[in-house]
Amino acid sequence: MGSASGRDTVDVLGVAVDRVTMLEAVERVESMMASSVCRQSGSEMHHVVTVNSEMVMMARERPDFAQILAQASLVVPDGIGVVWGARLLGDYLPERVAGIDLMDQVLAACAKRGWRPFLLGAAPGVAEQAAAALQRRHAGLEIAGVHHGYFNHDEEATVLEQIESTSPDLLLVAMGAPRQEYWIARHRHRLPVALAVGVGGSLDVWAGHVTRAPRWMREVGLEWAYRLLRQPRRILRMAALPRFALTVLSHRFFRGRR
Ligand code: UDP
């Protein structure tokens, strides 16, 4: 157990993951947003990270990525592997907190409280479709703006200006890990939002281009297998999973012998 800045965290191979249920995560995000939105500009932006086992392995290899995770306000276990890994390491995370489900609930709160999200990422046209779908789902939700995620270095200034000029409260960055986390960290001092979060392929799902695994598969922790079947190109990325499992087992074994 860890307690970085009063938080109850679990050390999963060097990454501090918050020990929260989905409900607690939603409450934490809402209260971070409420306190930042109430304060005047200049208040610190919160970065929420939804971590999977592949990202844990990345953090072990890239100190700058590990530092971004360590500086986040909240790190939730997006992948079931992180929950299982914590248990094998002799600790406990109550449940998987899938980023897309967390954000769905946060967007419901945005609709209620008048907070305006900006959707950044995915292929051209997808963020617009996701925005329309989210507005149908959450009555009253106002979207501050959208921009696709395929811009080059020269276009970056224009993207940042667009975000600044629309004064959003929440920034969802859907450019895949670790690109989205690096992007948020690089621009956090310029982003005028209360909170930013990397949401991976969520815009593709909300826009209806990608379907999620059936509920039963999600409940038994097999969403990753469904995604692999639907998008076989993910196999290369998934090579990190056996390495994660082996590293967890070796930590457990050597710790048990001490
Ligand atoms: N993407 C992007 N810009 C890029 C590369 C990727 O906006 O330069 C988008 C891509 O179109 C997709 C998302 O990032 O919508 C990544 O989705 P993926 O399912 O790979 O992410 P995961 O949920 O696995 O992190």
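In segment 21-116, inverting the average of 1/r over every pair of distinct C-alpha atoms gives 14.5 Å as the Kirkwood radius.
Measuring with a 1.4 Å probe in the full set of protein chains, what accessible area per residue, in whole Å², belongs to the chain? Spell out each step's value before the answer.
On the way: 12620 Å² over 258 residues.
Roughly 49 Å² per residue, with all protein chains present.
GNM on the chain, alpha-carbon springs under 10 angstrom: the most fluctuating residue among Met175, Met45, Met217 is Met217.
Quick check on the chain: helices-only [θ] at 222 nm, where DSSP H runs of length 4 and up contribute -39,500 (n - 2.57) each and the sum goes over total residues. Nearest 500, please.
-14500 deg cm²/dmol
Which FRET efficiency, nearest 0.05, do Asp154 and Thr211 yield, Cβ-Cβ r, R0 51 Å?
On the way: r = 35 Å, r/R0 = 0.69.
Efficiency, rounded to the nearest 0.05: 0.90.
The calculated pair-distance distribution of the chain uses every alpha carbon pair, bins of 5 angstrom beginning at 0, and gives 1, 6, 13, 18, 20, 18, 13, 7, 3, 1, 0, 0 percent.
Quickly rank 85-94, 190-199 as a protection proxy: mean count of other C-beta atoms within 10 Å, highest first. Intermediate values should be presented prior to the final figure.
Details: 85-94: 16.4, 190-199: 23.6.
Result, highest mean first: 190-199, 85-94.
With springs only between Cα atoms under 10 Å, which of Val210, Val56, Val17 fluctuates most in a Gaussian network model of the chain? Its mean-square fluctuation being the largest, the pick is Val210.
Let's see if you can work this out: charge +1 on each Lys and Arg Cβ, -1 on each Asp and Glu Cβ, no other charges. What is the dipole magnitude of the chain about its Cα centre, in debye to the nearest 20?
Details: 30 positive and 27 negative charges, 194 e Å.
For this selection, approximately 940 debye.
On the principal axes of its alpha carbon atoms, segment 91-173 extends 44, 35, 21 Å, with the longest extent given first. Could you look at the chain and say what percent of its accessible area is carbon and sulfur, using a 1.4 Å probe and all protein chains? Using a 1.4 Å probe with all protein chains present, the chain comes out at 54 percent carbon and sulfur. With all projection directions averaged, the alpha carbon convex hull of segment 139-258 covers 11.4 nm². Taken as Cα centroids, segment 200-258 and segment 19-93 sit 17 Å apart, rounded to the nearest whole angstrom. Taking 0.36 nm per residue of separation and subtracting the current Cα-Cα distance, fully stretching the chain between Arg179 and Ala132 would add 14.4 nm.
The values are calculated or read from the model by the stated rules, or taken from the named source; none is laboratory data. Note that the coordinates shown come from a computational prediction; the quantities given were computed from them, not determined experimentally. Every residue, glycine among them, receives a Cβ derived from its backbone with ideal geometry; neighbour counts consider all protein chains shown. Surface areas here come from the heavy atoms of the whole protein model, side chains and all, with no ligands, DNA or RNA. Shrake-Rupley method; radii C 1.70, N 1.55, O 1.52, S 1.80 Å.
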